[in-house]
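**Q** What follows is a single structure, and I will ask about it in a moment.
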Amino acid sequence: MEGLCCSLAVSLFSDQGGWKYMEDMTQIMLECQEKGSHCPGLDAKGATGAATLGSSPLHPPPSVAFFAVCNGHSGQEVAHFAHQNLWPFIKKQKGFRSTEPATGCVTLRKEMSNCHLIWS
């Protein structure tokens, strides 16, 4: 894929609203195409953040981007568990890197259910 020029700009905003505590967690992970390369992940909890990732020798274009809002309605511990474990669970699932959208959706649903079952 020589000559491919790619950049990705991501902004994040979260708001506590009228709640007494902010228990939601957000997560942005970018994983580069080259085997063994990992672009810096950006994590935030209840904060505004921004990131830009361009094509360069140090940061090739990402092949996978993961965006998650780990809902804290069941408590901060549940949101923290999902924040720490959901992405690694998804990446290990067979079919994760399938080019078929339906296979990717099945993988996401299965791992969200698995994460929920492990926590329960």
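**Q** Just give me the residues in region 103-120 being more than 15 Å from ALA68 (Cα to Cα) and either modelled with pLDDT under 80 or hydrophobic (A, V, I, L, M, F, W, C) (or both), in sequence order.
**A** If the condition is that a residue be more than 15 Å from ALA68 (Cα to Cα) and either modelled with pLDDT under 80 or hydrophobic (A, V, I, L, M, F, W, C) (or both), then VAL106, LEU117, ILE118, TRP119, SER120 are the ones that fit.
**Q** Could you please find all residues in region 65-107 being loosely packed, with under 15 Cβ neighbours inside 10 Å, part of a helix (DSSP H, G or I) and hydrophobic (A, V, I, L, M, F, W, C)?
**A** Scanning region 65-107 gives ALA102, CYS105, VAL106.
**Q** Looking at this structure, is LEU42 at pLDDT below 85 and aliphatic (A, V, I, L, M)?
**A** Numbers: at pLDDT below 85: yes; aliphatic (A, V, I, L, M): yes.
Yes: the conditions hold for LEU42.
**Q** A further question on this structure: Can LYS92 be described as modelled with pLDDT of 80 or more, farther than 17 Å from MET25 by Cβ, over 15 Å from the mean Cα position of the chain (by Cα) and of a type outside the set (Phe, Trp, Tyr)? Before you say what the answer is, go through the steps one by one.
**A** Details: modelled with pLDDT of 80 or more: yes; farther than 17 Å from MET25 by Cβ: yes; over 15 Å from the mean Cα position of the chain (by Cα): no; of a type outside the set (Phe, Trp, Tyr): yes.
Against the criterion (modelled with pLDDT of 80 or more, farther than 17 Å from MET25 by Cβ, over 15 Å from the mean Cα position of the chain (by Cα) and of a type outside the set (Phe, Trp, Tyr)), LYS92 does not qualify.
The values are calculated or read from the model by the stated rules, or taken from the named source; none is laboratory data. Note that the structure is predicted; figures quoted are calculated from it, not measured. Please note: Cβ atoms are built from the backbone with ideal geometry, for glycine as well, and neighbour counts cover all protein chains shown.
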